[in-house]
1. Given the residues B:A76, B:A163, which is the only one that is under 17 Å from the mean Cα position of the chain (by Cα), open to solvent by 10 Å² or more (accessible area, probe 1.4 Å) and of a type in the set (A, V, I, L, M)?
2. Is it the case that some residue within the stretch A:135-147 is assigned to a helix (DSSP H, G or I), away from chain B (no Cβ under 14 Å) and open to solvent by less than 50 Å² (accessible area, probe 1.4 Å)?
3. Give the residues of the stretch B:79-103 that are within 14 Å of chain A (Cβ to nearest Cβ) and either β-branched (V, I, T) or within 17 Å of the chain's Cα centre (by Cα) (or both), sorted by residue number.
4. I need the full set of residues from the stretch B:146-170 which are part of a loop (DSSP other than H, G, I, E, B) and touching a strand residue (DSSP E or B) at 6+ places or on another chain (Cβ under 7 Å), in order please.
5. Scan the stretch B:91-105 residue by residue and report those that are β-branched (V, I, T) and open to solvent by 40 Å² or more (accessible area, probe 1.4 Å).
6. Pick from A:A186, A:A178, A:A154: which is open to solvent by 50 Å² or more (accessible area, probe 1.4 Å), of a type in the set (G, A, S), more than 14 Å from chain B (Cβ to nearest Cβ) and closer than 25 Å to A:V21 by Cα?
7. Output the number of residues of the stretch B:63-73 satisfying the condition of being out of contact with any strand residue (DSSP E or B) (no Cβ under 6 Å at 6 or more places or on another chain) and loosely packed, with under 15 Cβ neighbours inside 10 Å.
8. Identify the residue in the stretch B:106-126 that is within 14 Å of chain A (Cβ to nearest Cβ) and in contact (Cβ under 8 Å) with a residue 40 or more places away in the chain and, among all such residues, is most open to solvent (accessible area, probe 1.4 Å).
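The values are calculated or read from the model by the stated rules, or taken from the named source; none is laboratory data. Everything numeric here is computed off the predicted structure, so don't read it as measured data. Backbone-built Cβ (ideal geometry, glycine too); neighbour counts: all protein chains shown. For the accessible areas, the whole protein counts, side chains as well, though only heavy atoms, and no ligand, DNA or RNA atoms are used. Shrake-Rupley method; radii C 1.70, N 1.55, O 1.52, S 1.80 Å.
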Amino acid sequence: MTRLPSFRAIFIWAALGAALVLPIAVAVTSPLLAWRQPVYIVAGLAGVVALALLLLQPLLAAGYLPGLRARHGRRAHALIGSGLAAAVGIHVAGLWLTSPPDVIDALLFRSPTPFSAWGVIAMWAVFAAALLAALRRRLRIRQRVWRLIHTTLAMVVVLGSVIHALLIEGTMGTLSKAALCVLVVAAVVKAIFDTRSQILPARRKA
Amino acid sequence: MNSAPQTRRTLLMAGGSAAGVVLATGVSALFAPARAQGLAPTPTMQGGANNYLPGASVVERIGRGGFWMTGTVRRAGDGAPLQGVRIQIWAHTTEGHERDPESHGATLTDADGVFRMEMPQIVPAFGQPHGHLAYDADFDDKRFETVFLRPVMRSARETNLSAHFVLRPA
């Protein structure tokens, strides 16, 4: 038997949709795109999409989204995580094709732009988090330890990505970019706080 | 070193030369013995050489113009203006990408060591509205050491940008 979604569920999904679509829509209509080649445009937008997908991850992991709780939420989290890693891959590969020396500088942490290092740190953390997820069964580490490492990496991804995005003067709108960054940080903080009993080592009662 | 409200980038870019001028002309007259080194050479900036095109030809203007890149070239130590020094300029503009050959052009300094190049409007690329300038020793009989600069515009709306070279004799 299928139940009709509640008004609350509809509102949450509509608000989330707006939070994801609005910054992307602003970036897609940026005047800067007129002076960029297709590869550079795709590379930049892949970064914007990655930032938007980042908002979904803590919401799915903590089971906040109506219809995608618990097991379904974790499946979606894994799927979006793969998409996130792919978007970061497209972002970096596209920038490399556009201007190889600038990307090499960034990867070697010798770029003149401070946001590059934050982006590269976030990139390695997102790849590591994805790899850790892919190898979860084979690694045979305790669930709690796995969660602690995965969550720590996720925090590095969020911090690195948000600083990276905020320092960049690019296609994203100043306001919609700041709003998305605030939402991403708020979501990850709330998710970690709410699931802390599953992440942190069990505390004995005093 | 400089009390004027400047961004760190401008300070890094012009710091060596601007502060050097103050030292060389104003303060140094009073404290000459404390200034044995004289005007310090401009160091190459990180990423300055990216997408450089060795030997880009001297042009009257890059593309259709509308934006001005200006600056000075002086000798380290005594700060003497250097005439006829070839400076290459390139950037991501409204007319082309940094890697496009048409985005590159060189110009020569006048008797006062000043260069002025009209070029298309610089637009933000790779996260910052910035330009590139080069003094390449290989195209100047190795008279001075090579220097690459990468100045950043304070705002993408500005229609000019300047960068200053103080070259160390090779």
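1. Details: B:A163 fails: open to solvent by 10 Å² or more (accessible area, probe 1.4 Å).
Exactly one of B:A76, B:A163 is under 17 Å from the mean Cα position of the chain (by Cα), open to solvent by 10 Å² or more (accessible area, probe 1.4 Å) and of a type in the set (A, V, I, L, M), namely B:A76.
2. At the first step, the residues of the stretch A:135-147 found to be assigned to a helix (DSSP H, G or I) are A:136-139, A:143-147.
Those left that are additionally away from chain B (no Cβ under 14 Å): A:136-139, A:143-147.
Among the residues that remain, those that are also open to solvent by less than 50 Å² (accessible area, probe 1.4 Å) are: A:146.
Checked the stretch A:135-147: at least one residue is assigned to a helix (DSSP H, G or I), away from chain B (no Cβ under 14 Å) and open to solvent by less than 50 Å² (accessible area, probe 1.4 Å).
3. Listed by number, the residues that qualify are B:W90, B:A91, B:H92, B:T93, B:T94, B:E98, B:S103.
4. Start the filter on the stretch B:146-170 by keeping residues that are part of a loop (DSSP other than H, G, I, E, B), which leaves B:146, B:150-151, B:153-159, B:168, B:170.
Passing the criteria: B:T146, B:R150, B:P151, B:M153, B:T159, B:R168, B:A170.
5. B:T94
6. On the way: A:A178 fails: open to solvent by 50 Å² or more (accessible area, probe 1.4 Å); A:A154 fails: open to solvent by 50 Å² or more (accessible area, probe 1.4 Å).
Result: A:A186 is the single residue among A:A186, A:A178, A:A154 that is open to solvent by 50 Å² or more (accessible area, probe 1.4 Å), of a type in the set (G, A, S), more than 14 Å from chain B (Cβ to nearest Cβ) and closer than 25 Å to A:V21 by Cα.
7. 2
8. Result: B:Q121.
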